[in-house]
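Enquirer: The structure that follows is given in the form of structure tokens.
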């Protein structure tokens, strides 16, 4: 049962192959098994590749199965259409387009499986890229908000600087009237004299200005702080909103690009393995000598060609014979005087009718 299934997979003519020896049947069963398992690997590879796209096992499995059937049909077609020739060069020339197609199929099949085999290494590469993207994203978002935040900070620093400058002025005035009272500066007369009172009044006025300025600027600073918190919240929200896009950066294209950043040699070995599997049926047919199946197939094809040539020759003879008969018949008719006179009479009647119709038409116009 299994042998018959694999022979079917090889694309061999069942009528011919089952009339061959057991060894010949085993050869084509082996070729069919290679075709079948290549298609099975194509199903698995395509299923995994599509799973990275859809994140759904059933959808990936279904479309992967369709892809496997396509590869199976292509391989079966490639193997079944190769004919054994007496000259190896002609066989190789005939198989060259099929080998190129097999190479393309092998590359397509091997790439998703490479992604699965090197999944851990690819995840490490993707993690590094995600971190770099996250840092770049934060910097980009920060640059977007930096103008407003810097302007807000400059305003706040300016308000605080005004308060600090006024406090410095008040402290200087305080120090002036205290040293005047102590007699260590100014008039150097100890006690609270007129000069002391004048300096104290100036200090108290500056202190009131400081208190009013502090109250006014602190209200503005509080408003700026509120704006700064809003800007910071907007920045954080922007970063949080764009982070899922970065976290989702692990699709098929991202993984293929990450695979290209890994060492090339292991990936090459896997691709060569699938290339050997994919081309093995073709290589087997090219290297194997002409077998019983090939001779019987060639005999059947030759019989068809001979039969077709005979049919074409007979049709040509029938055509030429029939044409000659008709030539003779019409040649005899051409010399028949009775038919000639009859056709002459009918032609005269036709001309008379035309003349009568033309005369009637002219009369109706006049």
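The values are calculated or read from the model by the stated rules, or taken from the named source; none is laboratory data. Since the structure is predicted, the reported quantities are computational estimates derived from the model, not experimental observations. Note that we place each Cβ from the backbone using ideal geometry, even for glycine, and neighbour counts take in every protein chain shown.
Enquirer: Residues of segment 21-34 being modelled with pLDDT of 85 or more and either closer than 15 Å to residue 83 by Cα or buried (at least 17 other Cβ atoms within 10 Å of the Cβ) (or both), which ones?
Expert: Across segment 21-34, the qualifying residues are 29, 32, 33.
Enquirer: Oh, and also: Within segment 261-366, which helices (runs of 4 or more DSSP H) (wholly inside it) include 1 or more residues that are over 60 Å from the mean Cα position of the chain (by Cα)?
Expert: Hits in segment 261-366: 292-334, 337-365.
Enquirer: Further, regarding this structure: Based on what the data block shows, is residue 91 farther than 24 Å from residue 259 by Cα and surrounded by fewer than 19 Cβ atoms within 10 Å (Cβ to Cβ)?
Expert: yes
Enquirer: A further question on this structure: Could you list, in sequence order, the residues of segment 264-285 that are touching a helix residue (DSSP H, G or I) at 6+ places or on another chain (Cβ under 9 Å) and loosely packed, with under 13 Cβ neighbours inside 10 Å?
Expert: Within segment 264-285, 272, 276 meet the criteria.
Enquirer: Can I ask one more? With (1) in a helix (DSSP H, G or I); (2) surrounded by 13 or more Cβ atoms within 10 Å (Cβ to Cβ); (3) modelled with pLDDT under 80 as the list, and residue 186 as the residue in question, which single condition is left unmet?
Expert: Unmet condition: (1).
Enquirer: Considering segment 8-35 alone, what residues qualify as being over 36 Å from the mean Cα position of the chain (by Cα) and assigned to a helix (DSSP H, G or I)?
Expert: The answer is 14, 15, 16, 17, 22, 23, 24, 25, 26, 27, 28, 29.
Enquirer: For residue 213, all conditions in the list (1) surrounded by fewer than 16 Cβ atoms within 10 Å (Cβ to Cβ); (2) under 19 Å from residue 154 (Cα atoms); (3) touching a residue at least 12 places away in the same chain (Cβ under 8 Å) hold save one; what is the number of the exception?
Expert: (1)
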